[in-house]
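Taking it in order: structure first as structure tokens, then the write-up.
The values are calculated or read from the model by the stated rules, or taken from the named source; none is laboratory data. This is a predicted model, so every value here is computed, not measured. Positions of Cβ are generated from backbone atoms using ideal geometry, with glycine treated the same way; all protein chains shown enter the neighbour counts.
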Amino acid sequence: MSSNSSAEPSLAPRRGPVAPAPTAASAETMRALAMVPLVVYAVLTQLDAVANRLSGGSPIGTTELTLAALLGMTALIFIAPGDEPAPARAYGNTGARLIALMFCWAVVSWTLSAHQSEGLSYLSKLFVAILPALCTLIIADRPSRIRLLLWAIIAAGAVSAAIIVIESRTGTRLVSTSIAATTAGFEGVARSAGGSDQNPTTAAQMLLVSVALAAALLFSGERRFRLVYAGVVALGALALVLGSARSAIIGLAVAFALIALSFRGKPYFPLLIIGGLVACVGAIPFLPPTLLERFTAVTDFGRDQTLYRRISYLRIGFDLLQQSPIWGVGPGNFPLHYLLPDYRWMPGRELYPRELHNTYLDAAVEYGLVGFLAFAAALGYALLAAWRAMGSRDPLLARCAFAVGVALLALMAACFFMPHKNLRYLWLVVAIAVQCGRLRAAEKVSP
């Protein structure tokens with residue numbers, strides 16, 4: 001009996017690592033599948049004119065279908081049970097809370113605004129811009145998936161840049177059909193919006209993100225695809241020059257300056273700075289006359305009448321902020337306040353609604369100082385997250401964080417000249433930066 005009883009434990013199943021349940025594998029499969037609509041969203045955001053051509057006369061556009069698929073897959077991820085959460089999902093998400101706080105305060109500002117119908121339309125656009133970014137925080141939970149998103153944005157920029165070059169040389173319109181994209185010009189020279197139906201300046205700032213990402217990855221130590229990155233940088237820079245978008249070119253200069261600063265510990269850093277300055281000066285004779293005229297006209301109000309308008313935007317904005325500093329005039333309400341009789345004698349003021357061409361003052365005026373602080377906190381937290389992730393033990397994560405940090409700072413610099421607090425790429429890049437920080441923070445608590 002003793003021998004039999006001693007043999008019984010050997011017949012019992014041994015306790016050891018339990019295999020993940022099938023549902024866990026299904027949840028991870030859903031995350032992988034959800035990357036498909038997320039990547040498509042990243043591409044079509046910049047190539048929305050292409051998406052509009054694809055949808056044709058369909059009542060539901062290609063972008064709307066992509067968003068529906070993205071939200072549906074994200075909902076399935078929440079429903080499907082899993083085993084231990086991945087590091088990025090297990091770590092807290094302060095960035096998402098800040099973004100949600102900003103949106104909630106924007107809703108509060110809307111309830112107190114004078115023009116609620118226009119504000120509701122604006123809130124819907126802001127919601128559509130923020131929601132995919134929040135989905136990114138759930139889906140892109142690995143460095144490889146973050147890199148795939150960056151590649152999607154870079155690829156979209158390459159296509160848009162090629163369209164800008166072709167349209168600028170031929171004077172045609174390949175895919176853009178909207179009035180904002182097809183009627184823009186400067187001193188009789190048409191400006192191209194590339195693969196977008198947005199106005200050329202907005203399209204140029206989206207292209208700026210693609211070029212900044214490619215340039216940062218090129219100089220971050222990424223050995224593969226160096227020629228591809230270099231080609232995208234060259235093509236994208238040429239397209240930005242041909243598009244004559246001053247704000248995007250300023251942002252691109254900020255991106256190159258940040259990349260140069262990353263080499264400040266190298267002995268050849270002074271030569272790098274001198275070489276860059278010489279290259280910039282040497283390129284001036286080869287720049288398009290339209291671009292040179294747009295920059296030189298900054299000091300001549302007679303040549304560039306838009307300067308009067310921009311000063312009026314700022315003056316009206318500060319006046320409105322003083323009148324309602326806490327909750328602002330309401331999201332999407334500035335263009336209507338711009339038309340008030342109180343400002344009819346402002347220099348350069350026009351007789352149709354205009355946006356406040358400064359993202360940060362625009363956020364303060366429409367959301368109030370409370371909403372502006374939430375907006376600024378979300379951007380600042382994203383930059384801090386990217387900065388911390390640059391020190392990751394994972395070289396891939398460190399390179400992605402560096403690229404996202406450079407692109408976000410470049411876009412933030414360009415936003416000083418445009419009202420882009422609801423730009424989809426802004427929130428997508430913010431979400432990617434926050435996700436890089438979450439992965440970095442998870443490294444500190446994982447073995």
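Couple of notes before you dig in:
- Any hit, segment 58-81, residues being of a type in the set (Phe, Trp, Tyr), closer than 30 Å to SER176 by Cα and either modelled with pLDDT of 85 or more or surrounded by fewer than 16 Cβ atoms within 10 Å (Cβ to Cβ) (or both): no
- Test: residue in segment 182-199 that is on the phi < 0 side of the Ramachandran plot, surrounded by 20 or more Cβ atoms within 10 Å (Cβ to Cβ) and assigned to a helix (DSSP H, G or I): no
- In segment 159-178, the count of residues that are assigned to a helix (DSSP H, G or I), surrounded by fewer than 22 Cβ atoms within 10 Å (Cβ to Cβ) and under 18 Å from the mean Cα position of the chain (by Cα) is one or more.
- Checking each residue in segment 34-57 for being modelled with pLDDT under 90 and assigned to a loop (DSSP other than H, G, I, E, B) picks out GLY56, GLY57.
Here is a yes/no grid of residues against (1) among the aliphatic types (A, V, I, L, M); (2) part of a helix (DSSP H, G or I); (3) surrounded by fewer than 23 Cβ atoms within 10 Å (Cβ to Cβ); (4) in contact with an Asp or Glu (Cβ under 8 Å, 6 or more places away or on another chain):
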| site | (1), (2), (3), (4) |
| --- | --- |
| VAL209 | yes, yes, no, no |
| ALA212 | yes, yes, no, no |
| LEU217 | yes, yes, no, no |
| ALA234 | yes, yes, yes, no |
| ALA237 | yes, yes, yes, no |
| ALA253 | yes, yes, yes, no |
| LYS266 | no, no, yes, no |
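- Test: residue in segment 418-434 that is out of contact with any Asp or Glu (no Cβ under 9 Å at 6 or more places or on another chain) and part of a loop (DSSP other than H, G, I, E, B): yes
- Qualifying residues in segment 109-127 (those that are assigned to a helix (DSSP H, G or I) and of a type in the set (A, V, I, L, M)) - the one surrounded by the fewest Cβ atoms within 10 Å (Cβ to Cβ): LEU120
- Test result for TYR352, outside any loop (DSSP other than H, G, I, E, B) and aromatic (Phe, Trp, Tyr): no
- Of all residues in segment 60-78, those being assigned to a helix (DSSP H, G or I) and either touching a Phe, Trp or Tyr at 6+ places or on another chain (Cβ under 7 Å) or aliphatic (A, V, I, L, M) (or both) number 11.
- Residues in segment 374-389 that are free of Cβ contacts under 8 Å to residues at least 40 places away in the same chain and over 19 Å from the mean Cα position of the chain (by Cα): there are none.
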